Amino acid sequence: MSDSLDRSTKINLLKEPVVKKLCEVLDKNSNKGWRKLGEIVGTDRRFKISSDDMETCSLQVLQVEGSPSYMLLRLMGERGCTTGHLMDYLQTLGNSEALQCLKPSGTILIQPQSVAVISGHNLRLSCHAVGKSPVQYQWFKSKEEVPNSFSPDLVRSPVHVKDAGFYICRVNCGDTFEFSQWAQVDVLNVAVSHGKILQLFKSLIQPQSQELNIGETLQLECGAVGRPIPRYQWHRNGVPIPNATKRKLMIAHVMQEHHGRYRCEISSSTERMWTNEVDVVIATDKVALLIGNLSYKNHPQLKAPMVDVYDLTNLLRQLNFKVVSLLDLTESEMRNAVDEFLLLLHKGVYGLLYYAGHGYENYGNSFMVPVDAPNPYRSANCLCVQSILKLMQEKETGLNVFLLDMCRKRNIHDDSTPNIVLRVTANIVFGYATCQDAEAFELSSSGFTNGVFVKFLKKRLLDDEKITVVLDRVAEDMGQFDATKGKQALEIRSSLSERRSLTDPILPSDSTDHSHSRQWAKAHELPETMCLNFDCGAQIKLGFAAEFSNVLVIYTHIIKKPEDMSFCQAHVTDFSQDLDVDPKEMNRETPEETGIYLLSSSLPQHCLYTRLSSLQKLREELVFTVCLQGTFTAMDEDPVHWTKSISIGKPLIARLDLHRAMRRNSCLQTCMMPHSPSYSPCHSPGPEHRLHLHYGPHQTQDYSRLSPQHHCLDVYERLQGAVGGCGDSYYENLSQCHYEPTYDSGGVLSSSPGRFSIPIEASDDINELQTVFINSLQLQQQ
């Protein structure tokens, strides 16, 4: 039986028994039958029953079991006629028998309502009907009858999770029946203390943060109680997820793009609320390579890179990055270090490259200058950042961050045309210590201080914010620094579309080959502390510390000496010539005397200290001699010496053999042009003068002084990713760029490597250069 109270029901939705009985009545009545009904409906322009339609209906008598009334009702239903309209027409027709067909003997007055309840509480669904004859009830769960459910109220006390599902009630009245509307029952499996009063529509289940490997299944769940059952809409990074309208969100085979912050909007007809926002992390690892070049052979020396790399190393390790920090690398060493860095990258990994040292920028491509670069240098002698980015993109990394603390003036000695084609990916962040065609400064002081960039970056690096937000705040801080105001400004270029932060947790993938990762980790293991016993009875502690990945500190300490020994001292000597250790700076009584400024506070006292730098040049295992020198009270003779030969293998970064010349080709095959940014033959010939960037005058402050170095100050945060390429065409899809690029020659010539240069105009015709460059971009776009 259909619900007579619902006049909005379309007549083509009437149950078949009702339609069949109605057609029988209309077909047999010649005066108040289907033909008269058609004439009445034909006067209503809403349904447009024409004479042709009536002819179609009359032809149904020629069909076996054909019914003109059935055809008429079907045409009316197709044109939107409702049960209410039909009842009005039958009332006008005066056919009470036909009208009675639409008025069943019973009517459902109370429909069951969908509800969300807590497991262990009570469930009640109600369905009440009235009729001319006794009314009977039968409840169903989906298609199955619920046993012993003959009452208008279906009660489950207590209700269990297994009771969740869809319910419907069949109402029988005489020889007719009617079904109620469907009601969904959602049972929330949460622990609630006994006797706690629950408010209508109160959130009970909050989603939980997830850490997943690529390919696994994401499952988020929330829940609220309420009648009727609440509605759900999941959001990711503030954007509604299509078709995610269930209490449980499930995504099979998650990829890196599913990384983000999720929450669910729960609503009813009168209330709306949000669940907590949770993180879904798909990152598999975080790797950082930090390079600081300061001891240049043919160019001005720098100071800030050592302090900047040291501080950033400690901060990044707090964020669970695998960090390798290296000082003073030659071209081949830099390329091999980058190759090792690339081996650690794979799908979903966060990769960060920080460089502090001399550099330049031509046509939108940034070049890092090794310590052995000739004077002048060209792209063939340097490493192109965009070439490295291209290789990182091939690894399908989750985030690519480049922090470039170097100058970005144009190199007038380099006329090569880059041909690096980058893919458009939404995971790249560039943090430049200065804007295009400008210098970066380091602060002059009596001690060791950070550069301008890292000075402000390290205050924000640990913030749990999107990386671009962190850099924006650093830019604001730098803008308030009087010493560089109007001279140096942070520039951010980003294509990052997701909320990705350096603080994102990681979950290493079990399916990943960790052989290279283990090798990298071994390259940062310190030699074990040794306790050396000498024949004279003295005992010496031989300890080790790492200042950088390629800088080892060795210290010796007297633990025990014979009572009759008046003087006892242990020192180290006979190091490999590969390390080029200055004997005058070995076995000093304070760390500072041997050049150990950054680790001095964490080293034990009352020792002799030796600092070994450039470990990447070590070709064989590190073997040296520990010499014990002692004088006895009863002897006026010269001191007595005892020696022990010690081997500690290849410590720290020496295990990676970065000294080998271009043992891999990955960093060299990005571009095939002879002078492309990543192609490095033997040093290409060129003029015998070197390029100096324009240096501004000294800016005196109460606390420090600007030193005109063409070094891009501190290591900027590990911006997530790098963008770039041939000119500005590689930045067209970036979402953020604080400074418009300009093309200015700005080069300066100097004949002495130690003197500050005087700015002059480059001899190139800048207008012609711009025209050629723009044409090349247009060709590439085509």
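Go through (1) crowded, with 19+ Cβ neighbours inside 10 Å; (2) closer than 27 Å to Glu331 by Cα; (3) modelled with pLDDT under 90 one by one and return the number of the condition Gly630 breaks. All conditions pass for Gly630, except number (2).
From the list Ser133, Ser209, Ser203, the lone residue that is open to solvent by less than 80 Å² (accessible area, probe 1.4 Å), at pLDDT below 90 and under 18 Å from Ser268 (Cα atoms) is Ser203. Residues that are open to solvent by 20 Å² or more (accessible area, probe 1.4 Å) and either within 13 Å of Tyr363 (Cα to Cα) or under 25 Å from the mean Cα position of the chain (by Cα) (or both) within segment 428-440 comprise Gln436, Asp437, listed in sequence order.
Within segment 413-450, restricting attention to residues that are assigned to a strand (DSSP E or B) and modelled with pLDDT of 90 or more, which residue is farthest from Asn320 (Cα to Cα)? Among those that are assigned to a strand (DSSP E or B) and modelled with pLDDT of 90 or more, it is Tyr432. Determine which single condition Thr270 fails, assuming it passes every other condition in (1) farther than 26 Å from Leu391 by Cβ; (2) over 24 Å from the mean Cα position of the chain (by Cα); (3) in a helix (DSSP H, G or I). Every condition holds for Thr270 apart from (3).
If we scan segment 138-153, do we find a residue that is open to solvent by less than 30 Å² (accessible area, probe 1.4 Å), farther than 26 Å from Arg247 by Cβ, touching a residue at least 12 places away in the same chain (Cβ under 8 Å) and assigned to a strand (DSSP E or B)? Yes, that holds for at least one residue.
When segment 398-427 is filtered for residues that are open to solvent by 10 Å² or more (accessible area, probe 1.4 Å), under 26 Å from the mean Cα position of the chain (by Cα) and of a type in the set (Val, Ile, Thr), the ones remaining, listed by number, are Val421, Val424, Thr425. Residues in segment 444-475 that are under 17 Å from Ala433 (Cβ atoms) and charged (D, E, K, R): Lys455, Lys458, Lys459, Arg460, Asp472, Arg473. Consider segment 238-256 and keep the residues that are exposed (fewer than 15 other Cβ atoms within 10 Å of the Cβ) and touching a Ser or Thr at 6+ places or on another chain (Cβ under 9 Å). The one that is farthest from Gly165 (Cα to Cα) is His253.
Pairs linking a residue in segment 580-595 that is on the phi > 0 side of the Ramachandran plot to a residue that is of a type in the set (Asp, Glu), with Cβ atoms under 6 Å and 6 or more positions apart or on different chains, do not occur. Could we say that His121 is under 47 Å from the mean Cα position of the chain (by Cα), under 29 Å from Ser267 (Cβ atoms) and open to solvent by 60 Å² or more (accessible area, probe 1.4 Å) here? When the stated conditions are applied, His121 passes them. Condition test on Leu289, is it touching a Gly at 6+ places or on another chain (Cβ under 7 Å) and under 30 Å from Glu333 (Cα atoms)? It is false that Leu289 is touching a Gly at 6+ places or on another chain (Cβ under 7 Å) and under 30 Å from Glu333 (Cα atoms). Applying the condition of being in a loop (DSSP other than H, G, I, E, B) and over 47 Å from the mean Cα position of the chain (by Cα) to segment 158-193 and asking which residue is surrounded by the most Cβ atoms within 10 Å (Cβ to Cβ) yields Ser180. Exactly one residue out of Ser613, Ser601 is of a type in the set (Gly, Ala, Ser), over 24 Å from Gly537 (Cβ atoms) and surrounded by fewer than 14 Cβ atoms within 10 Å (Cβ to Cβ), and it is Ser601. The residue of segment 5-31 that is farthest from Phe177 (Cα to Cα), among those that are open to solvent by less than 90 Å² (accessible area, probe 1.4 Å) and basic (Lys, Arg), is Lys10. Applying the criterion of being part of a loop (DSSP other than H, G, I, E, B) and among the hydrophobic types (A, V, I, L, M, F, W, C) to the residues of segment 60-99, the residue that is most open to solvent (accessible area, probe 1.4 Å) is Val64. If I filter segment 404-419 for residues that are farther than 21 Å from Asn293 by Cβ and acidic (Asp, Glu), do I get at least one hit? Checked against the condition, which is being farther than 21 Å from Asn293 by Cβ and acidic (Asp, Glu), segment 404-419 yields at least one hit. Cys57 passes every criterion in (1) under 60 Å from the mean Cα position of the chain (by Cα); (2) among the hydrophobic types (A, V, I, L, M, F, W, C); (3) surrounded by 18 or more Cβ atoms within 10 Å (Cβ to Cβ) apart from (1). For segment 580-619, the tally of residues that are within 39 Å of the chain's Cα centre (by Cα) and either polar (S, T, N, Q) or in a helix (DSSP H, G or I) (or both) stands at 8.
Within segment 264-275, the set of residues being at pLDDT 85 or above and open to solvent by 80 Å² or more (accessible area, probe 1.4 Å) comprises just one member, Arg272.
Filter segment 32-50 down to the residues that are touching a residue at least 40 places away in the same chain (Cβ under 8 Å) and open to solvent by 40 Å² or more (accessible area, probe 1.4 Å) and list them by number. The answer is Lys32, Lys36.
The values are calculated or read from the model by the stated rules, or taken from the named source; none is laboratory data. Note that the structure is predicted; figures quoted are calculated from it, not measured. So basically every Cβ, Gly included, is an ideal-geometry build from the backbone, and we count neighbours across all protein chains shown. Only protein heavy atoms, including side chains, enter the accessible area calculation; ligands, DNA and RNA are left aside. Shrake-Rupley method; radii C 1.70, N 1.55, O 1.52, S 1.80 Å.
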